[in-house]
Amino acid sequence: MRSKHVVLVALIILAIWPFSGCGQGAEQTDRVSEYPIAPDAIRNASIELIDGSTYRLADQQGKVVLINLWATWCGPCRNEMPELVKLQEKYGPRGFEVVGLDVDPEPLEMIKPFAEKMGINYKLGWADEDLVTEFFNITERNGIPQSFLINRNGELTGVFFGGGEETIGKMKETVAKVVEGTD
């Protein structure tokens, strides 16, 4: 009888796992006014992208950027990726871009086939330990996925934690408002 309970608990955990974050607490954070302007350490970080180029948020003035912290092994990260792909498709022509930053950092030989399998159409790169710490300092949470929405003026306008349906819905709604200039 005990083994049936263990199996039942394991099945329940597996059923809800994709809708939570990989790490501490998974509820969506919607305290935009409590977050700072994107810190200089984040804006000026030189990020290596998987195509060999470098990326700096400070160079993206005039664009709306969604920075997404993720890893290949993170179920909730994989859960939200199709929605990030859709956001890039829908709003990319209007000055919006998603930038996915692997926090592990996993090797290129692992990321490239993963990106192809997931149909990722947005920029991917690596966040070094210092950069990850800067992002985690904003949310005061050590888990992924986390996404940070930066408006055309370089201001932090949304922070989203976890890959659950509610968080993804709020992220999509906030991106639409910021890209369309209604927020």
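The values are calculated or read from the model by the stated rules, or taken from the named source; none is laboratory data. Small disclaimer: the values here were computed from a predicted structure and weren't measured. FYI the Cβ positions are ideal-geometry reconstructions off the backbone, even for glycines, and counts take in every protein chain you see.
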Checklist outcome for this item: The condition from (1) at pLDDT below 90; (2) of a type outside the set (S, T, N, Q); (3) not in a loop (DSSP other than H, G, I, E, B) that Gly158 misses is numbered (1)
Item to check | Members of the stretch 46-79 found to be surrounded by 15 or more Cβ atoms within 10 Å (Cβ to Cβ) and of a type in the set (Gly, Ala, Ser), listed by number | outcome: Ala71, Gly75
Checklist entry - Any residue in the stretch 70-90 that is at pLDDT 55 or above and more than 15 Å from the chain's Cα centre (by Cα)? => result yes
Checklist entry - Given the residues Val159, Val132, Val103, which is the only one that is within 24 Å of Asn44 (Cβ to Cβ) and in contact with a Lys or Arg (Cβ under 8 Å, 6 or more places away or on another chain)? => result Val159
Item to check | Residue count for the stretch 59-80, restricted to those that are hydrophobic (A, V, I, L, M, F, W, C) and assigned to a strand (DSSP E or B) | outcome: 6
Checklist outcome for this item: Note on Val98: of the conditions (1) part of a strand (DSSP E or B); (2) surrounded by fewer than 19 Cβ atoms within 10 Å (Cβ to Cβ), unmet is (2)
Checklist entry - Within the stretch 119-131, is even one residue in contact with a helix residue (DSSP H, G or I) (Cβ under 9 Å, 6 or more places away or on another chain), part of a loop (DSSP other than H, G, I, E, B), among the charged types (D, E, K, R) and closer than 26 Å to Asp51 by Cβ? => result no
Item to check | Test: residue in the stretch 21-43 that is modelled with pLDDT of 90 or more, hydroxyl-bearing (Ser, Thr, Tyr), surrounded by 14 or more Cβ atoms within 10 Å (Cβ to Cβ) and more than 22 Å from Lys112 (Cβ to Cβ) | outcome: no
